[in-house]
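Some notes on the structure that comes next.
The values are calculated or read from the model by the stated rules, or taken from the named source; none is laboratory data. Because the structure is a prediction, the values reported are computed rather than measured. With ideal geometry, Cβ positions are generated from the backbone for all residues, glycine too; neighbour counts draw on all protein chains shown.
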Amino acid sequence: MTVDVSAMERAPSPWTGRALLRRLAIGDEVAHLVTLIFAFSIILITSLLVYQLWLESASSRHQFGWHFWVSRTWDPVFEHFGAAPFIYGTLVTSAISLTIALPLGLAAAVFLSELAPRSISDTISFLIDLLAAVPSVIFGMLGIFVVVPLMRTTIGPAIKHALGFLPLFQGPNYGVGFLTAGIILSIMVVPFIISVSREVLLSVPRDQREAALALGATRWESTWKVVVPWARAGITGSVFLALARAVGETMAVTMVIGNDPKIVASLFAPGYTIAAVIANEFTEATGKLYLSSLIELGLVLFMITLILNGLARLLILATQRGGGHQ
Amino acid sequence: MKKALLSMLLLLGLAFTAYAQPPDNTVLLNAAGATFPYPIYSKWFSDYHQAHPNIQINYQSIGSGGGIQQLKAGTVDFGASDMPLNDQLLGQFNFKIIQFPTVLGAVVPTYNIPGVSGELKFTAKALSDIYLGKVTKWNDGEIAVSNPGVKLPGNDIVVIHRSDGSGTTFVWTDYLSKVNPEWKSKVGSNTSVNWPVGLGGKGNEGVAGLVKETPNAIGYVELIYAIQNHMGYGLVQNADGKFIKASLASVTEAAAGAAAKMESDIRISITDATGATTYPICSFTYLLIPESISNSAKRDAIKAFLDWMLTIGQGSVESLNYARLPKAVVGIEMKHLAEIK
């Protein structure tokens, strides 16, 4: 070691190669450390976030306990706060959005990766990526001016006519409500499903397709029995990315959901979501318990996201084992 | 090279500190709070800065709740609220607050009934029963009795309210609480309440949009918003039994009637005020000033601004469609101004 250094001092030029190597080796360590710090900063930020929510929601947690999760009353005047209608609204709108967006997004992704010529596929996915970047307030305005009137005059009555016997589609139709919010959300999340699923489908090895075709499978069979199952984990991932956006969406939802904290079966009825009520009431909330309850709603939303993410991991694990392709 | 770079950096640094640090006699005041009076506040603060270049007031319209929180934490010099602070809220402060009414706002009912184009008249009972969900059809007797000659349809009323917390909702529910004991015991008044019926729209524009898009809907918006957007709105019966169409003059009138009671408590609610020409659904918006301000430069600046706001400043409020303070109220506030130490 000492020899090397003295040699370097005397005649640096012949040793440049080795010095460069050593410097690279140090560079590796530095890069390792930097990336490690960055990775841990995410954990730190998340835990600080939860800690702060936990701290600030103290008076609400002490006052209501677990009852907060099931109570249906949200009354800022008499200070009774319960999260149930908001949890219900969040889950229902997210479920509607995925019910619409999943088949649509998956079919589009299959078309783009399997059937469309590469140039068309690339152009369309560029447009889809643009759609993902549109601010949510724009979708909200689209909702108010286009979807809500359409829902009241055309779509709603048509659904009632066809499926009115189900309790899901009964009751007055104002144009705003769970269904409208779910539809707007589905438009907002479908780019995530298409974009990620397309990439995953494109990464399925070519020989998988060829093997299926060689065995006498049709194009359709090779796509649905070989390619899509192979990409199942990635597609599930895209769905949960979409779900995360749907659960946390604020602006577009509050503009079209009707903002009425009730739990009702009808999808035409106005509802409310967690993110929407926080955005609506936080600025003018004055009492300590009121503010603390809104912050606990934030904690509830965080926990719902956590649970859904956990379920996503489990689902991916299960499909991987069951599928046996990867 | 290195030296040149260093000296350049030094110069830059100096320039920045010089820029960031105002000349010695400049007073910087920070304030935060209500959004409803923001247009007039920003005009006032900018006008005042032009007349007195050494005083600069930075106002953030983050909402009354946020303004109260920041004032409590001491991060702003004064706050602003659409709702007067009650004793319970004042108890959470570790210093005394004096509340100064600045301008007046009113809230008006707006509706969209196919086939009805004229101005409807609403009694207090009709409005409160509609919002309680007890009057559900437009041709209900409670509405029809004050609107003879108007052909009201038998359609279901779609009730629309604000979904975001707002001073507008506070004034509206404060009025309904005053005129209807059932409303007071069941719902009460606040910036957000537990609505018995109806859909929520975000902001004045959200309510106005929903009313416009929904046949047979009724909602409430700020008078300023209705005037600026040329919206039609209904007349409301006042405590003297007269139906009044809200206007800046009829709002100032309501405040003048309440002035006598404001001597003892400036926070008095002026909804449902007596007087033949008063509009019943209106209220003040307030600046929240600490009673004792240790920094003498800031104290003098705040007092000078309040004095200007109550006199010269009032002259420009009507250009922005706010109702000005009645003379009697200005007199009371001048007395409170002297209490700031």
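Here are the numbers:
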quantity: Any hit, the range B:292-301, residues being part of a helix (DSSP H, G or I), within 30 Å of residue B:52 (Cβ to Cβ) and either among the basic types (Lys, Arg) or under 18 Å from the mean Cα position of the chain (by Cα) (or both); calculated: yes
quantity: Top-ranked residue in the range A:278-293 [being polar (S, T, N, Q) and surrounded by fewer than 24 Cβ atoms within 10 Å (Cβ to Cβ); ranked as modelled with the lowest pLDDT]; calculated: A:283
quantity: Tally, over the range B:184-194, of residues that are farther than 20 Å from residue B:84 by Cα and more than 7 Å from every other protein chain (Cβ to nearest Cβ); calculated: 2
quantity: Count of residues meeting criterion [farther than 30 Å from residue A:295 by Cα and modelled with pLDDT of 85 or more] in the range A:13-50; calculated: 7
quantity: Any hit, the range A:176-186, residues being at pLDDT below 90 and within 14 Å of chain B (Cβ to nearest Cβ); calculated: no
quantity: Condition met for residue B:172 (modelled with pLDDT of 90 or more and touching a Pro at 6+ places or on another chain (Cβ under 6 Å)); calculated: no
quantity: Within the range B:138-178, considering residues that are under 20 Å from the mean Cα position of the chain (by Cα) and small (Gly, Ala, Ser), the one surrounded by the fewest Cβ atoms within 10 Å (Cβ to Cβ); calculated: B:177
quantity: Spans of helices (runs of 4 or more DSSP H) in the range A:218-326 with at least 1 residues within 12 Å of chain B (Cβ to nearest Cβ); calculated: A:251-256, A:274-281, A:288-323
quantity: Restricting the range A:94-115 to residues that are among the small types (Gly, Ala, Ser) and surrounded by fewer than 17 Cβ atoms within 10 Å (Cβ to Cβ), the residue that is nearest to the chain's Cα centre (by Cα); calculated: A:95
quantity: Test: residue B:174 is in contact (Cβ under 8 Å) with a residue 60 or more places away in the chain, under 30 Å from residue A:278 (Cα atoms) and of a type in the set (D, E, K, R); calculated: yes
quantity: Some residue of the range B:264-274 being at pLDDT 90 or above and closer than 21 Å to residue B:41 by Cα; calculated: no
quantity: Listing of helices (runs of 4 or more DSSP H) fully contained in the range A:49-128 that carry 3 or more residues being within 14 Å of chain B (Cβ to nearest Cβ); calculated: A:84-110
quantity: Residue match in the range B:49-66 (condition: among the small types (Gly, Ala, Ser), more than 10 Å from chain A (Cβ to nearest Cβ) and surrounded by fewer than 22 Cβ atoms within 10 Å (Cβ to Cβ)); calculated: yes
quantity: Helices (runs of 4 or more DSSP H) completely within the range B:19-107 that count 2 or more residues being in contact with a Phe, Trp or Tyr (Cβ under 6 Å, 6 or more places away or on another chain); calculated: B:38-51
quantity: Some residue of the range A:49-70 being under 20 Å from the mean Cα position of the chain (by Cα) and not acidic (Asp, Glu); calculated: yes
quantity: Restricting the range A:126-144 to residues that are among the small types (Gly, Ala, Ser) and in contact with a helix residue (DSSP H, G or I) (Cβ under 8 Å, 6 or more places away or on another chain), the residue that is farthest from residue A:241 (Cα to Cα); calculated: A:143
quantity: Candidate set: the range B:196-227, residues that are at positive phi and outside any helix (DSSP H, G or I); chosen: the one farthest from the other protein chains (Cβ to nearest Cβ); calculated: B:216
quantity: Any hit, the range B:70-77, residues being within 11 Å of another protein chain (Cβ to nearest Cβ) and either more than 20 Å from the chain's Cα centre (by Cα) or crowded, with 23+ Cβ neighbours inside 10 Å (or both); calculated: yes
quantity: Any hit, the range B:228-243, residues being part of a helix (DSSP H, G or I), in contact (Cβ under 8 Å) with a residue 12 or more places away in the chain, within 14 Å of chain A (Cβ to nearest Cβ) and surrounded by fewer than 24 Cβ atoms within 10 Å (Cβ to Cβ); calculated: no
quantity: Selection from the range B:190-206 of residues that are more than 16 Å from residue A:81 (Cα to Cα), surrounded by 24 or more Cβ atoms within 10 Å (Cβ to Cβ) and either touching a Leu at 6+ places or on another chain (Cβ under 9 Å) or of a type in the set (Ser, Thr, Tyr) (or both); calculated: B:199, B:200, B:201
quantity: Counted residues, the range A:129-145 - those being more than 30 Å from residue B:214 (Cα to Cα) and in a loop (DSSP other than H, G, I, E, B); calculated: 1
quantity: Qualifying residue in the range A:127-136 (condition: out of contact with any strand residue (DSSP E or B) (no Cβ under 8 Å at 6 or more places or on another chain) and among the β-branched types (Val, Ile, Thr)); calculated: yes
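Yes/no per residue for (1) under 25 Å from residue B:159 (Cα atoms); (2) in contact with a helix residue (DSSP H, G or I) (Cβ under 8 Å, 6 or more places away or on another chain):
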{"position": "A:151", "(1), (2)": "yes, yes"}
{"position": "A:162", "(1), (2)": "no, no"}
{"position": "A:172", "(1), (2)": "yes, no"}
{"position": "A:186", "(1), (2)": "no, yes"}
{"position": "A:193", "(1), (2)": "no, yes"}
{"position": "A:199", "(1), (2)": "no, yes"}
{"position": "A:202", "(1), (2)": "no, yes"}
{"position": "A:207", "(1), (2)": "no, no"}
